[in-house]
Structure formats: structure tokens, C-alpha cells
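The values are calculated or read from the model by the stated rules, or taken from the named source; none is laboratory data. Nothing here was measured: the structure is a model prediction, and the numbers come from that model. Here the Cβ positions follow ideal geometry from the backbone for every residue, glycine too, while neighbour counts run over all protein chains shown. The accessibility values were calculated without ligands, DNA or RNA, using every heavy atom of the protein model including side chains. Shrake-Rupley method; radii C 1.70, N 1.55, O 1.52, S 1.80 Å.
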Amino acid sequence: MVAAANLVEVAALVGDTARATMLNALMGGQSLTGTELAYCANISRSTASGHLNKLVAARLLTVIRERRFSYYRIASPLVATMLESMKVAAAIEVPPRRQPRSASDDALRFARSCYDHLAGQVGVAVTDALVAMGHISLTDEGGEVTASGVHFLSAFGADLTPRTRRIYCQPCLDWSERRYHLKGLVGARILDRLLDLGWLKSVPGSRALQLTPSGRAGLSETFQIEFSDDGVSTGGLSRPRRLTA
């Protein structure tokens with residue numbers, strides 16, 4: 001009964017439009033102030049404060065106070081996984097609704113941060129490439145970095161040294177592509193390295209990530225990823241099938 005009550009509490013919290021909007025804004029992995037989150041949700045600062053207090057009390061968010069400001073962030077990768085899974089379920093429509101997509105929608109579908117790892121077409125393409133090259137082994141239940149993968153990712157500059165007891169390597173179902181990208185420490189370190197190299201750049205005020213010219217060349221050379229007007233592909237590498245509802 002306690003578990004059921006907790007489930008109802010979390011569902012009610014996430015089910016509110018303003019709270020869901022603020023949670024989604026934090027899925028980029030960054031910390032935001034209450035004022036910034038109020039702006040995202042198009043509500044007053046006082047109303048946002050009430051919502052945020054509830055999310056912190058339910059341990060969905062954590063808050064760090066520095067001087068006059070309070071910074072909020074997703075409490076843990078487990079919470080981020082829950083929210084991303086809900087987005088996957090929400091994206092399943094039978095029959096699908098025909099709605100025009102905006103430029104910001106397309107940018108998110110192309111490349112975005114999913115908490116602390118890479119998602120979207122680019123994230124899926126990187127995962128496809130690692131699997132096809134035999135560097136990562138993925139199943140629906142989990143993932144493993146092979147011996148060749150450890151060498152490849154280390155040479156790429158991704159530090160795979162565990163510093164916490166967090167998940168190491170696991171598939172994360174991409175809500176826009178309906179295929180897997182990588183989460184866990186391995187996924188986070190790959191995104192860190194792509195940002196460090198300047199191959200991807202953060203877009204202010206968005207989870208979207210921008211591909212740079214050096215990133216286009218680097219991803220093509222290192223991961224055999226090809227970019228065209230039709231989207232992103234892994235060149236001559238075998239590409240896993242798309243998941244369907």
C-alpha cells in the first residue's frame with residue numbers, strides 16, 4: 001500500500017502541466033533558478049516556488065542555495081530515467097496525430113541532452129556505430145563495453161573510470177527515434193568528450209545541441225556517421241531496426 005501511495009503521489013506531481021514543464025526544462029542536466037523555471041512554465045515566481053517545494057519534498061528535485069539564489073536540478077539519474085520513459089510512452093500515438101513541427105522541435109530531435117547523456121538522431125547514430133563496430137553490446141536489459149570498446153573510447157578521450165556507484169552502461173529508449181541511445185557513465189562521458197572537443201555546442205535555453213563543422217567531420221571520421229538532408233546514418237555500418245509501438 002505504501003508503494004502504491006508513493007506512485008500516486010509522484011504521478012500527481014508530474015501530471016501537473018507547470019511542474020511537468022519545469023521538470024522537462026531540467027532534463028538537460030543543468031541547474032536552474034526558480035525565476036528561470038517560472039519563466040519556462042509561464043507562471044509567477046510565487047506559484048513556481050510552491051510547485052518546486054513539492055518536487056523537492058518528493059525527492060524529484062534537489063536544491064542548492066548559493067547567496068541569494070536557489071538552484072534546482074533533477075535529483076538523480078533514476079528520476080531522469082523515469083521522466084524520459086514517460087516521454088517515450090507519451091510519444092506513442094495510435095493513430096499518430098499530424099502536427100507541424102517547429103524548428104526547435106527539429107533541433108531537439110536532431111541532437112539533445114537527455115539529463116547527462118546524448119540523445120536524438122546523433123545520440124542514436126553514435127550508439128548504432130559503437131554496436132556495429134563491436135565496441136558496445138546492448139540488449140533490452142542492459143549494456144556492456146567490450147575490450148575493444150574500452151580501447152576505442154579511451155583513445156577517443158572518454159574517461160570511463162567509475163567514480164560513483166551509478167549505472168555504467170545501459171540502453172535508454174529515445175522518445176523521438178524509438179531506438180536506443182546510451183545512458184549511464186559511458187553515455188555521460190561520451191557527451192562530455194563531444195562537448196570538450198567542440199563537436200557539439202549547447203544551445204542557450206534549450207536541451208538542443210548544435211553540431212559544429214568540426215563535429216560533422218569528427219563524427220564522420222571517428223564513428224563513420226554520415227549527415228545529409230534526409231537525416232543521420234552510420235554509413236556502411238549495419239543499423240539496428242527501429243522500435244515500433
What number of residues within the stretch 113-158 are acidic (Asp, Glu) and either open to solvent by 70 Å² or more (accessible area, probe 1.4 Å) or over 19 Å from the mean Cα position of the chain (by Cα) (or both)? 3
Need pairs with beta-carbon distance below 6 Å; first residue without any contact (Cβ under 8 Å) to a residue 40 or more places away in the chain and within the stretch 45-66, second of a type in the set (S, T, N, Q) and open to solvent by 50 Å² or more (accessible area, probe 1.4 Å); sequence gap 6+ or separate chains. Arg45/Thr35
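Filter the stretch 71-81 down to residues that are at pLDDT 85 or above and either open to solvent by 30 Å² or more (accessible area, probe 1.4 Å) or aliphatic (A, V, I, L, M) (or both) and give me whichever is farthest from Ser31 (Cα to Cα).
So the first thing to find is which residues in the stretch 71-81 are at pLDDT 85 or above, and the list is 71-75, 79.
Cutting the leftovers down to either open to solvent by 30 Å² or more (accessible area, probe 1.4 Å) or aliphatic (A, V, I, L, M) (or both) gives us 71, 73-75, 79.
On the way: Tyr71: 6, Arg73: 5, Ile74: 8, Ala75: 11, Val79: 15 Å.
Selected residue: Val79.
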Candidate set from the stretch 233-245 (those that are part of a loop (DSSP other than H, G, I, E, B) and surrounded by 13 or more Cβ atoms within 10 Å (Cβ to Cβ)); member that is modelled with the highest pLDDT: Thr234
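Which residues, counting only those in the stretch 127-156, are part of a helix (DSSP H, G or I), touching a residue at least 60 places away in the same chain (Cβ under 8 Å), out of contact with any Phe, Trp or Tyr (no Cβ under 7 Å at 6 or more places or on another chain) and not acidic (Asp, Glu)? Full working, then the answer.
Taking the stretch 127-156 and keeping what is part of a helix (DSSP H, G or I), we get 127-132, 147-156.
Now restrict to residues that are touching a residue at least 60 places away in the same chain (Cβ under 8 Å): 128-132, 156.
Then drop every residue that is not out of contact with any Phe, Trp or Tyr (no Cβ under 7 Å at 6 or more places or on another chain), which leaves 128, 130-132, 156.
Leu130, Val131, Ala132, Phe156, listed by residue number.
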Tell me, which residue of the stretch 159-186 that is in a loop (DSSP other than H, G, I, E, B) and of a type in the set (D, E, K, R) is least open to solvent (accessible area, probe 1.4 Å)? Asp174
The one condition in (1) under 30 Å from Asp196 (Cα atoms); (2) open to solvent by less than 60 Å² (accessible area, probe 1.4 Å); (3) touching a Gly at 6+ places or on another chain (Cβ under 6 Å); (4) modelled with pLDDT of 85 or more that Ala48 fails to fulfil: (1)
Subset of the stretch 58-88 that is within 23 Å of Val8 (Cα to Cα) and of a type in the set (Gly, Ala, Ser) - its residue that is nearest to the chain's Cα centre (by Cα): Ala80
List pairs: first residue in the stretch 171-198 and closer than 19 Å to Ser214 by Cβ, second residue part of a helix (DSSP H, G or I) and of a type in the set (A, V, I, L, M) anywhere in the structure, Cβ distance under 6 angstrom, at least six positions apart or on different chains. none
Please work out which residue is least open to solvent (accessible area, probe 1.4 Å), limiting yourself to the stretch 7-45 and to residues that are closer than 26 Å to Asp105 by Cβ and of a type in the set (Ser, Thr, Tyr). Thr33
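For Ile64, are the conditions met, namely being loosely packed, with under 13 Cβ neighbours inside 10 Å and among the β-branched types (Val, Ile, Thr)? Spell out the reasoning first.
Details: loosely packed, with under 13 Cβ neighbours inside 10 Å: yes; among the β-branched types (Val, Ile, Thr): yes.
So Ile64 passes the test.
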Where residues in the stretch 194-226 are open to solvent by 70 Å² or more (accessible area, probe 1.4 Å) and out of contact with any Ser or Thr (no Cβ under 9 Å at 6 or more places or on another chain), which of them is nearest to Asp159 (Cα to Cα)? Asp196
Residues that are at pLDDT 95 or above, in contact with a strand residue (DSSP E or B) (Cβ under 8 Å, 6 or more places away or on another chain), of a type in the set (Val, Ile, Thr) and on the phi < 0 side of the Ramachandran plot: does the stretch 200-219 have at least one? yes
